[in-house]
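What follows is one structure encoded as structure tokens, with my remarks underneath.
The values are calculated or read from the model by the stated rules, or taken from the named source; none is laboratory data. No experiment lies behind these values; they were computed from the predicted model shown. All Cβ positions, even for glycine, are placed from backbone atoms using ideal geometry, and neighbour counts span all protein chains on display. Areas reflect the complete protein model, heavy atoms only, side chains present, ligands, DNA and RNA absent. Shrake-Rupley method; radii C 1.70, N 1.55, O 1.52, S 1.80 Å.
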Amino acid sequence: MTRRRQGPYSGIPAWVYLIAAAGALFVLLPLVAIIAKVNWPQFLPLITSESSVTALGLSLRTSAASTALCIILGVPLALVLARGSFPGQRLLRALVLLPLVLPPVVGGIALLYTFGRQGLLGSTLDVLGIRIAFSTTAVILAQTFVALPFLVVSLEGALRTAGYKYEAVAATLGARPTTVLRRVTLPLVLPGLASGAVLSFARSLGEFGATLTFAGSLEGVTRTLPLEIYLQRESDADAAVALSLVLVAVAAAVVGLAYGTSRPPRMPRAAQDEPERIPA
Amino acid sequence: MNTLATTRSRVHAGRRPAAALLAGCALVAGLAGCAAGTPADATAAASGEAPDLAGTVTVFAAASLKSSFTAIASEFEAAHPGTTVALSFAGSSDLVTQITAGAPADVFASADTTNMAKLKDANLLAGEPANFATNVLQIAVPPSNPANIGTFADLATPGVKLVVCAPQVPCGSATEKVEAAAGTTLAPVSEESSVTDVLGKVTSGEADAGLVYVTDVRTAGDKVRGIAFPESSNAVNTYPIGTVRGSRHADLATAFVSMVTGAKGKEVLADAGFGTP
């Protein structure tokens, strides 16, 4: 992987722009189609119906919770994968990233047989009086399962690019590992962490398959916006389209937030001259 | 200024592995989508050339008809050598949406009259549909019946984890009718979008009971136990079948419909638990 620096020469042939335009159109056209299909006079009543608002509220709450869970679990995981050294590290990385490419319904089945009543941990949890199936907790678990790799990948990349220099200096000055982590490493990779968290939030918001398989669908408890859209589609296509547009708008806002406003870290020029390490 | 620019470019470089990976995933998903599309394209191409009673007839049928129609299709192919029946199973409303959007169906078999009416309203039906089967609800419980369900009223017992279909789908509207007729108010833990999802929650042991069609209980075999209840007669689902207007294999389509409504079809459907209209 070579790093391309910004300069006056772009070196892109004209035909590449042409194909790139086709690629961009391929993504944008379906979104335009949704906008064209919306029943505008009925748009506000459709998206402010009680079930729609309940579903949107549930989606936002559960996605926020699963993003928090992703940060709690994902930051240590990314640190260990980027900086640690132990046998099976490469295998662990591959496995942690698996939910990225797994069909969500497979994730749902896997979660069902882990946390479900008949599942691996189910009977233990049952003894402790914890029932996860058909609860909002199940939705959060499903979302965290699919969203965690996004945070880990973003943060691990940022950690590798940032390099070790400042940490090494801090350590020679007598800072303990926890202090180095808190005062040097995390501030350095904050933009990477932020964009990872926003991506995780977006992925959680769109979670459908694992939720449907694992958590069920009940208004106000487990029926998030994607599930509401799926159900509305059966009887009221206009409502489904209107709600789809809401989800597109929220997703666009979230992605815009991730890539539009992330600022460079406060500490300038960290590890600027160190050659970038190629992730294994 | 210059410092800011270089710093920013470093930040972007930091995100690049993630971006590359995401792009890769999108590509993989795209390829998977293309692969899934191939059989349908092949079917469409194959159904292009067809002299009389040879060629491919494409049948869109409600998901609950899967085992019966698969059996009837092999009977049809055996009775008419040189023909192939291409079957596509999904929720009835999905199928109507697909046909309206131009999917190449020759025959449509719906799990309810409402969706057949939608196709008729769209002027996509050749002639009148024929009712060929009925289906009623049954309680499905795990083989051990952990919540000791015996009657419909037992479903309303506090603590029973009951899963039903949402009112927006046919099995859910049937559930509402039965509920009203029985005078029992159910408090389900989940309202699913399809009867398969309800059954899945019961077979996996997550739910204590589910309301599904009697034919679904039959299909699930010994993974669930079915409990019939008299109130189910208040919501009898009627299955209509019809040929799609503009079908390129109208003769084949008519022949297939005759087999479904004929003696052979009746036998197979009765074996699967369907009633006669």
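Within region A:151-161, is even one residue open to solvent by 50 Å² or more (accessible area, probe 1.4 Å) and either over 12 Å from the mean Cα position of the chain (by Cα) or more than 9 Å from chain B (Cβ to nearest Cβ) (or both)?
No: region A:151-161 contains no residue that is open to solvent by 50 Å² or more (accessible area, probe 1.4 Å) and either over 12 Å from the mean Cα position of the chain (by Cα) or more than 9 Å from chain B (Cβ to nearest Cβ) (or both).
Working only within region A:48-66, note down all residues that are more than 19 Å from A:ALA249 (Cβ to Cβ) and crowded, with 24+ Cβ neighbours inside 10 Å.
Passing the criteria: only A:SER66.
Being crowded, with 16+ Cβ neighbours inside 10 Å, farther than 17 Å from A:LEU212 by Cα and either among the polar types (S, T, N, Q) or more than 13 Å from every other protein chain (Cβ to nearest Cβ) (or both) is the filter here, so list the residues in region A:230-243 that pass it.
A:SER235, A:ALA242, A:LEU243
The rows are residues; the columns are (1) at pLDDT 90 or above; (2) among the β-branched types (Val, Ile, Thr); (3) open to solvent by less than 20 Å² (accessible area, probe 1.4 Å).
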| residue | (1), (2), (3) |
| --- | --- |
| B:SER233 | yes, no, no |
| B:PRO240 | yes, no, yes |
| B:LEU252 | yes, no, yes |
| B:VAL260 | yes, yes, yes |
| B:ALA263 | yes, no, no |
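Can you go through B:ALA126, B:ALA181, B:ALA140, B:ALA174 and tell me which one is among the aliphatic types (A, V, I, L, M), within 30 Å of B:ARG248 (Cα to Cα) and either assigned to a helix (DSSP H, G or I) or away from chain A (no Cβ under 14 Å) (or both)?
None of the others qualify; the one that does is B:ALA126.
Looking only at region A:162-185, count every residue that is assigned to a loop (DSSP other than H, G, I, E, B) and either surrounded by 22 or more Cβ atoms within 10 Å (Cβ to Cβ) or within 8 Å of chain B (Cβ to nearest Cβ) (or both) and tell me the total.
Number satisfying all stated conditions: 0.
Give A:VAL169, A:VAL198, A:VAL180, A:VAL153 a once-over and let me know the one that is β-branched (Val, Ile, Thr) and within 14 Å of A:ALA78 (Cα to Cα).
A:VAL153
Please tell me if A:VAL255 is modelled with pLDDT under 90 and out of contact with any His (no Cβ under 6 Å at 6 or more places or on another chain).
It is true that A:VAL255 is modelled with pLDDT under 90 and out of contact with any His (no Cβ under 6 Å at 6 or more places or on another chain).
It is to be established whether one or more residues within region B:84-91 are hydroxyl-bearing (Ser, Thr, Tyr), open to solvent by 60 Å² or more (accessible area, probe 1.4 Å) and part of a strand (DSSP E or B).
yes
From the list A:THR137, A:THR114, A:THR124, which one is outside any loop (DSSP other than H, G, I, E, B), out of contact with any strand residue (DSSP E or B) (no Cβ under 7 Å at 6 or more places or on another chain), free of Cβ contacts under 8 Å to residues at least 40 places away in the same chain and open to solvent by less than 60 Å² (accessible area, probe 1.4 Å)?
None of the other options fit; the residue is A:THR114.
Is there any pair linking a residue in region A:147-166 that is more than 18 Å from A:VAL198 (Cβ to Cβ) to one that is assigned to a helix (DSSP H, G or I), with Cβ under 6 Å and at least six apart or on different chains, and which?
A:ARG160/A:ALA82; A:THR161/B:ALA13; A:THR161/B:GLY14; A:ALA162/A:LEU188; A:TYR166/A:VAL184
Here are some residues: B:VAL202, B:VAL244. Which one is among the aliphatic types (A, V, I, L, M), open to solvent by less than 40 Å² (accessible area, probe 1.4 Å) and farther than 27 Å from A:ILE132 by Cα?
None of the other options fit; the residue is B:VAL244.
Would you point out which residue out of B:THR113, B:THR100, B:THR134 is among the polar types (S, T, N, Q) and in contact with a Gly (Cβ under 6 Å, 6 or more places away or on another chain)?
Answer to the check: B:THR134.
Kindly evaluate B:GLY172 against the criterion of being open to solvent by 10 Å² or more (accessible area, probe 1.4 Å), without any contact (Cβ under 8 Å) to a residue 40 or more places away in the chain and out of contact with any helix residue (DSSP H, G or I) (no Cβ under 6 Å at 6 or more places or on another chain).
In short, no.
Return the total of residues in region B:178-190 being of a type outside the set (A, V, I, L, M, F, W, C) and either within 14 Å of B:ASP216 (Cβ to Cβ) or surrounded by 16 or more Cβ atoms within 10 Å (Cβ to Cβ) (or both).
Total satisfying the criteria: 3.
Please work out which residue is nearest to A:CYS70 (Cα to Cα), limiting yourself to region A:186-204 and to residues that are open to solvent by less than 10 Å² (accessible area, probe 1.4 Å) and either away from every other protein chain (no Cβ under 11 Å) or charged (D, E, K, R) (or both).
A:SER200
Being away from chain B (no Cβ under 13 Å), within 18 Å of A:LEU102 (Cα to Cα) and either hydroxyl-bearing (Ser, Thr, Tyr) or out of contact with any helix residue (DSSP H, G or I) (no Cβ under 9 Å at 6 or more places or on another chain) (or both) is the filter here, so list the residues in region A:113-150 that pass it.
A:THR144
What single numbered condition from (1) closer than 26 Å to A:LEU212 by Cβ; (2) in a helix (DSSP H, G or I); (3) more than 14 Å from every other protein chain (Cβ to nearest Cβ) fails to hold for B:LYS201?
Unmet condition: (3).
Filter region A:206-220 down to residues that are touching a residue at least 60 places away in the same chain (Cβ under 8 Å) and either open to solvent by 10 Å² or more (accessible area, probe 1.4 Å) or out of contact with any Leu (no Cβ under 7 Å at 6 or more places or on another chain) (or both), then give me how many there are.
Of the residues in region A:206-220, 10 are touching a residue at least 60 places away in the same chain (Cβ under 8 Å) and either open to solvent by 10 Å² or more (accessible area, probe 1.4 Å) or out of contact with any Leu (no Cβ under 7 Å at 6 or more places or on another chain) (or both).
Whether any residue in region A:213-222 is out of contact with any Lys or Arg (no Cβ under 7 Å at 6 or more places or on another chain), assigned to a helix (DSSP H, G or I) and more than 11 Å from chain B (Cβ to nearest Cβ) is what I want to check.
Within region A:213-222, not a single residue is out of contact with any Lys or Arg (no Cβ under 7 Å at 6 or more places or on another chain), assigned to a helix (DSSP H, G or I) and more than 11 Å from chain B (Cβ to nearest Cβ).
Checking B:VAL195 against (1) within 21 Å of B:GLY275 (Cβ to Cβ); (2) open to solvent by 10 Å² or more (accessible area, probe 1.4 Å); (3) touching a Pro at 6+ places or on another chain (Cβ under 8 Å), which single condition isn't satisfied?
Only one criterion in (1) within 21 Å of B:GLY275 (Cβ to Cβ); (2) open to solvent by 10 Å² or more (accessible area, probe 1.4 Å); (3) touching a Pro at 6+ places or on another chain (Cβ under 8 Å) is unmet by B:VAL195, namely (3).
May I ask you to list the residues in region B:234-277 that are of a type in the set (Ser, Thr, Tyr) and within 30 Å of B:GLY183 (Cα to Cα)?
Within region B:234-277, B:THR238, B:TYR239, B:THR276 meet the criteria.
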